[in-house]
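All remarks here apply to the structure that follows.
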Amino acid sequence: MRIQREQLTEFSQRILEPRRFIQVLYGPRQVGKTTLILQLLKEYKLPSLFVTGDDVGENDSTWIATQWQNAKHLFEQSGANEFLLVIDEVQKLANWSETIKKLWDADTRNEVNIKLILLGSSRLMIQQGLTESLAGRFESTYLGHWTFTEMEQAFDWSVQQYIWFGGYPGSADLISDEKRWREYVLNSLIETSISKDILMLTRVDKPALMKRLFELGSIYSGQILSFNKILGQLTDAGNTTTLTHYLQLLHSAGLLGGIEKFSPALIRQRAASPKFQVHNAAIISAQQNRNMSEVKNVPKDWGRWAESAVGAHLMNHSIKANYKLHYWRENNYEVDYVLANRESVVALEVKSGVKQRISGLSEFKKRFPEAKIYLIGDEGIPIENFLRTKPSEFL
């Protein structure tokens, strides 16, 4: 099956431009980065070399230079005017950014028209390498988890299926057997992301603590919970600074993030407890002992899944869009999500399954008169419709 995402058009146009820029495509595991590039190579038939650093030894410092030399040889044989070198899982290679900078600059001086695509699944490691060594030489594209529209078009999913099974395209064929689907998501997606994109690349002194934080954060996705309260549920000792760091690593791997409180005072904003939010609804569902039909029969529980699906939609778009994602709570008033940029503020409340008051939106509007407010779900914008939009359109 052909995978088509809107980023492919943007990415292919960049590659076909005469200018030389390092093109970087990064995002969580199993969202189609490699498939998109292989489609691009097949469609445009560029002379190319595709290599992956997935199984390269940790201390192999010559691998990139060797592959670069191979690319030059193939380029000379092709007789073409340009050549494309693609390096997948680049963040796993020793000193990758420094080595690429040296080779890229040498080719630039010698007018060797080898273009470069870098693929990576660790956002933190990719961004560090780019900003530290390759400044001014690259353009990047973030490829996030699949949206409802993409899963609907590719697999004819309903919004209920998306709310429960999330946006992992590789798991779509398994949903008729939820036990098998759950094992696939847990073992092939979540565990692999933690072990290969975090533990193998970053120093984590207490991996058991980080994994337990992930489990608790997923269970409480969509809820505000202080780190001190979490520490009381952990058997492995830690502190709030350690948990904050681990949450950042989980966020960079596209698994679990912490949404900050909205406040005009930045210090208060950062001091407040985070609201946990998974990047993909499948992350919650795969850790349940209940199946979709059982949860749907409990309106309160299903409402939490619906809210978390909206939150995942907002979080994934916030990584590449021009807005910050927050929540808001003062006294007994609460708003599920707040989008903010320099120009505007938008408050979003999600209601699904259980009738509740919307006093949080009213109070938010009183305190921030210039803000736009929206209700999603019952008596508001249908969740199905909202999940088809780009959240930035509301700003």
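Tabulated values for the structure
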item: So GLN77, is it buried (at least 16 other Cβ atoms within 10 Å of the Cβ), without any contact (Cβ under 8 Å) to a residue 40 or more places away in the chain and part of a helix (DSSP H, G or I); result: no
item: The lone exception for LEU209 - which of (1) in contact with a Gly (Cβ under 8 Å, 6 or more places away or on another chain); (2) among the hydrophobic types (A, V, I, L, M, F, W, C); (3) modelled with pLDDT of 90 or more it fails; result: (3)
item: Qualifying residues in the range 213-272 (those that are among the acidic types (Asp, Glu) and at pLDDT 65 or above) - the one nearest to SER188 (Cα to Cα); result: GLU215
item: All helices (runs of 4 or more DSSP H) inside the range 112-182 with 3 or more residues being touching a His at 6+ places or on another chain (Cβ under 8 Å), farther than 25 Å from ALA71 by Cβ and at pLDDT 95 or above; result: none
item: Hey, SER61 crowded, with 17+ Cβ neighbours inside 10 Å, hydroxyl-bearing (Ser, Thr, Tyr) and either touching a helix residue (DSSP H, G or I) at 6+ places or on another chain (Cβ under 8 Å) or not in a helix (DSSP H, G or I) (or both) or not; result: no
item: Selection from the range 170-190 of residues that are in contact with a helix residue (DSSP H, G or I) (Cβ under 9 Å, 6 or more places away or on another chain) and within 24 Å of GLY120 (Cα to Cα); result: GLY170, SER171, ALA172, TYR184, VAL185, SER188, LEU189, ILE190
item: Residue satisfying all of: in the range 276-330; among the β-branched types (Val, Ile, Thr), out of contact with any helix residue (DSSP H, G or I) (no Cβ under 6 Å at 6 or more places or on another chain) and part of a helix (DSSP H, G or I); modelled with the lowest pLDDT among these; result: ILE319
item: Residues that are of a type in the set (D, E, K, R) and farther than 28 Å from GLU384 by Cβ, drawn from the range 157-215; result: GLU183, GLU191, LYS196, ASP197, ARG203, ASP205, LYS206, LYS211, ARG212, GLU215
item: Those residues of the range 182-204 which are closer than 22 Å to THR240 by Cα, of a type outside the set (A, V, I, L, M) and without any contact (Cβ under 8 Å) to a residue 24 or more places away in the chain, in sequence order; result: ARG203
item: Neighbours by Cβ (under 7 Å, 6+ apart or cross-chain): first from the range 152-173, without any contact (Cβ under 8 Å) to a residue 40 or more places away in the chain; second of a type in the set (Val, Ile, Thr) and assigned to a helix (DSSP H, G or I); result: none
item: Residue among ARG20, ARG14 that alone is closer than 21 Å to LYS101 by Cα, touching a strand residue (DSSP E or B) at 6+ places or on another chain (Cβ under 7 Å), at pLDDT 85 or above and of a type in the set (D, E, K, R); result: ARG20
item: Residue check, LEU40 modelled with pLDDT of 85 or more and in contact with a Ser or Thr (Cβ under 6 Å, 6 or more places away or on another chain); result: no
item: Of all residues in the range 43-58 being within 19 Å of ASN113 (Cα to Cα) and not in a helix (DSSP H, G or I), the one that is modelled with the lowest pLDDT; result: LYS45
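The values are calculated or read from the model by the stated rules, or taken from the named source; none is laboratory data. Note that the structure is predicted; figures quoted are calculated from it, not measured. All Cβ positions, glycine included, derive from the backbone under ideal geometry; neighbour counts span all protein chains shown.
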